[in-house]
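The next block holds one structure in the form of structure tokens; read it before the comments.
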Amino acid sequence: MHHSIKIRLFAFLFFLINTPIGSLAQLQIIPDLETAVWFNSEKLTNPWAGGFNTPQFSEMDLNKDGVMDLVAFERGFYGSVKCFLNTDSGWKYAPEYHHAFPEMRNWMLLRDYNCDGLMDIFTSVPGGVSVWQQQTKNDGSFQFVKKENFLQSTDSDGVDAPIYIAVTDIPAIIDMDDDGDLDILSFNLVGSRLEFHRNLSQELVADCGELIFEKASNCWGYFSEDGNNNTVTLFDTCDNTAMREMANGKHAGSTILALDLTGNGLKDLLLGDITYKNLVSLINGGNLQEASMISQQTDYPSNSLPVDLAVFPAAYHLDADKDGINDLLITPNNPNNSRNTNQIWWYKNVSATAVPEFVFQQDNYLIESMIDLGERSYPVFFDADADGLMDIVAGSFGIYQSTGNYISQLLYLRNIGSSSAPEYEWITDDYAGLSVFGFDGVYPAFGDLDGDGDAEMLIGDETGHFHLFENTAAHGAPAEFVLTHPNYFQIDVGQSAKPQLIDVNKDGLTDIISGERGGSILYFENKGTGQQAQFSTEPTISNWGKLNVLPDEFTGFSAPFLTVDSLGNSLLYVGSEQGWVYAFDQIDDNLQGEFRLIDSSNFYGMHTALNGYELPGKGNSIFVSGSFTGGIGFYRSGTPTFYGVDEFTYSTLKIQPNPVTNFLRFELPAELTEPLQLAIYNTFGQLVMKQSFLPEQLNSIELKDLASGLYLLSLKSSQIRSSGKFLVK
């Protein structure tokens, strides 16, 4: 169990039914993928897919229609999955499948290890690899069940040990010897040579349904990679003396793709290295029993535009254009300081023979269909053109440049629809010309600080400072911003200042709240007048609400969004580095006190930021979210269908004890006579328990097999609809 369980001890993923933005007792929003975004008069097909930084691509039939869909795993300590359905009109973003995937980090490859036609998960654990088997549920949907915590391999001395795969690496998992089961190629601990872990499933049980490995070679292919660069030495003797000499070098990271490049039925290699921009191809001149790399190419593919992708490229062999022939997708494998736009290179296989010919097509594969601002996007709603409709202005940490720097600027999406049915036109990605100022990250906030009826723009940056841009436009005209107060009031929140302008204490003056790298919220009270704002350099309250989204050993990167419900009560949402958004109430008349955490949701990513507005007279709301991958998510009030919970008003279920250790007890109405369907879901919406009971059998249930954390319990029959939350200690 890794560190995110510490978050789950006070965080619970569940979404409420139709309620206004400020009156919810649980966080409830669902993706809205139908709201259009127009770019250069063309409608983006996946505008709200959230962007990409370091995606790893695999194929899988998500909707069981017999056609392979696309699954992208975004590398990170908190990795996230993005799914795309294969449709007649192209790839269609499908977030409804994300909840079915387990928590993963570093890397994920989908492979069918047991030959049942269903893709299983191979993924990183510290120093090794674990396996999750795909199973089909009774309703036809899929789930993943842990098959192996650590894959083991037996060496020549008969000793079993975990298959070593560095967390930086991506291994090759493919049938290397053409015997019908999946083998594994990975660099050894030193990182200079490939270990071949042969799967003996077919040999020992005449079935590919097992995972039985032997370390068949410590030097597969008879080559070595230099410990300090990506130079490859062919025809390595593989003796132990050379191995000891290599030990002074240290494995920094490599990616491996095994595929047949020559049509001779043998697996060749494409290698990426952590500090280099190119791919190296190695040609296998051996045989199925013993590989031998006989030639290399450092500018692959030389027949087309060679890979030149800063930095640490990884290759994926799949059908990118759905023509039945596998192509190459190349992406960076380093989530930091590498290209974060135009970084998915598609090489189409134009060959009609068994010898592939990969020709470069584009560098923005799939990204061209979505909004992507590089890294750590931060969208907010703001009526930029003063037409009464909420537009979207989004900043970010920035877009990576080849020099290693980032360009930070603002995207402006103009609402050309209506308030309740918005539709957006991409106007500019350098709103207010912010790129010329060279800010290190731009995180916008809008509010009236001078009492003239229009909004100023306050920019927070990564250095922890604020910069005020005055709105010089005539009243009722589209906003025009001029920088008037750089380093506004000399305020310094430390790092990663994410501000909001709002009247916190309801005295008629616009205050400032801000997130920061450490994970707390700072409150700056406006001590000025309606016409002239005045702030102290130091925060009025340095840990506002006594909340912090910083778990042990990590940074928090809090991002606040304070709103007011239809009853006038304040509600605070706080985004975080780990991808959770927390909701707090008990704020009014308690500014010096501790706010109450009422719920939270995991947004399947990192560096989440939330913003929204309530629809007049509608009783529901619209939200946007930002993330580490640079895109924007678009949401409305609603209940996710993957919980299997109907949209009705629940009665509250009394659960005791809470927290619980072994047995959970709850009280039921005496008049219940019909069987009850009980279901328990974890914080990722995954069903962990489902059972039918007669009312008299349901005095208590045993929970000894549930891991520590928070859970949702749903109880249904024709007589009752009820739900509750409980904590397992």
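When M119 is tested against the conditions (1) hydrophobic (A, V, I, L, M, F, W, C); (2) over 18 Å from the mean Cα position of the chain (by Cα); (3) within 30 Å of Y412 (Cβ to Cβ), the lone failure is (3). Filtering region 256-276 to residues that are outside any strand (DSSP E or B) and at pLDDT below 95 leaves I274, T275, Y276. Here D116 qualifies as open to solvent by 30 Å² or more (accessible area, probe 1.4 Å), at pLDDT 95 or above and part of a loop (DSSP other than H, G, I, E, B).
Kindly evaluate S520 against the criterion of being in contact with a helix residue (DSSP H, G or I) (Cβ under 8 Å, 6 or more places away or on another chain), farther than 18 Å from E470 by Cβ and open to solvent by less than 30 Å² (accessible area, probe 1.4 Å). Yes: the conditions hold for S520. Filtering Q495, Q500, Q586 for residues that are modelled with pLDDT under 95 and surrounded by 15 or more Cβ atoms within 10 Å (Cβ to Cβ) leaves a single hit, Q586. For region 236-255, the criterion of a residue being at pLDDT 95 or above and in a strand (DSSP E or B) is satisfied by at least one position. Cβ contacts < 6 Å: first residue free of Cβ contacts under 8 Å to residues at least 40 places away in the same chain, restricted to region 491-509; second residue part of a loop (DSSP other than H, G, I, E, B), any location; separation 6+ or different chain. Result? What qualifies is G494/G464; G494/E516; G494/R517; Q495/G464; Q495/R517; D503/T510; L509/N526. Of the residues making up region 589-614, those that are buried (at least 19 other Cβ atoms within 10 Å of the Cβ) and either free of Cβ contacts under 8 Å to residues at least 12 places away in the same chain or more than 30 Å from P102 (Cα to Cα) (or both) are F595, E614. Taking region 45-63 as the range and being touching a Ser or Thr at 6+ places or on another chain (Cβ under 8 Å) and open to solvent by 20 Å² or more (accessible area, probe 1.4 Å) as the test, only T45 passes. Residues in region 457-474 that are in contact with a strand residue (DSSP E or B) (Cβ under 6 Å, 6 or more places away or on another chain), open to solvent by 10 Å² or more (accessible area, probe 1.4 Å) and not in a strand (DSSP E or B): T472 only.
Checking each residue in region 64-85 for being at pLDDT 95 or above and surrounded by 19 or more Cβ atoms within 10 Å (Cβ to Cβ) picks out D69, L70, V71, A72, F73, E74, V81, K82, C83, F84.
If I filter region 224-235 down to residues being buried (at least 16 other Cβ atoms within 10 Å of the Cβ) and assigned to a loop (DSSP other than H, G, I, E, B), which single residue comes out as modelled with the highest pLDDT? Among those that are buried (at least 16 other Cβ atoms within 10 Å of the Cβ) and assigned to a loop (DSSP other than H, G, I, E, B), it is N230. Applying the condition of being of a type in the set (S, T, Y) and open to solvent by 10 Å² or more (accessible area, probe 1.4 Å) to region 199-223 and asking which residue is farthest from the chain's Cα centre (by Cα) yields Y222.
Of all positions in region 557-571, none carries a residue that is open to solvent by less than 10 Å² (accessible area, probe 1.4 Å), without any contact (Cβ under 8 Å) to a residue 60 or more places away in the chain and under 30 Å from the mean Cα position of the chain (by Cα). Residue-level analysis places N303 outside the set of residues that are open to solvent by 30 Å² or more (accessible area, probe 1.4 Å), within 30 Å of H607 (Cα to Cα), of a type in the set (S, T, N, Q) and out of contact with any Ser or Thr (no Cβ under 6 Å at 6 or more places or on another chain).
The residues of region 454-507 that are of a type in the set (A, V, I, L, M, F, W, C) and over 19 Å from V393 (Cβ atoms), listed by number, are A474, F489, I491, V493, V504. The residue that is modelled with the lowest pLDDT, counting only those in region 442-456 that are of a type in the set (D, E) and touching a strand residue (DSSP E or B) at 6+ places or on another chain (Cβ under 6 Å), is D454. Applying the set (1) assigned to a loop (DSSP other than H, G, I, E, B); (2) open to solvent by 30 Å² or more (accessible area, probe 1.4 Å); (3) more than 22 Å from F628 (Cβ to Cβ) to T35 leaves exactly one unmet item: (2).
Filtered by the rule that a residue be free of Cβ contacts under 8 Å to residues at least 40 places away in the same chain, open to solvent by 30 Å² or more (accessible area, probe 1.4 Å) and under 33 Å from the mean Cα position of the chain (by Cα), region 247-297 gives a lone residue, K277. Those strands (runs of 3 or more DSSP E) of region 130-198 in which at least 2 residues are among the charged types (D, E, K, R), under 26 Å from the mean Cα position of the chain (by Cα) and surrounded by fewer than 22 Cβ atoms within 10 Å (Cβ to Cβ), considering only elements entirely within it, cover 142-148.
Looking only at residues of region 475-491 that are out of contact with any strand residue (DSSP E or B) (no Cβ under 9 Å at 6 or more places or on another chain) and not small (G, A, S), we find that the one that is nearest to D383 (Cα to Cα) is P478. The criterion of being out of contact with any Gly (no Cβ under 7 Å at 6 or more places or on another chain) and either open to solvent by less than 30 Å² (accessible area, probe 1.4 Å) or at pLDDT below 70 (or both) does not hold for V688.
The values are calculated or read from the model by the stated rules, or taken from the named source; none is laboratory data. Source: prediction; values computed, not measured. Every residue, glycine among them, receives a Cβ derived from its backbone with ideal geometry; neighbour counts consider all protein chains shown. The protein model used for the area step is the full one, side chains on, heavy atoms only, and it has no ligands, DNA or RNA in it. Shrake-Rupley method; radii C 1.70, N 1.55, O 1.52, S 1.80 Å.
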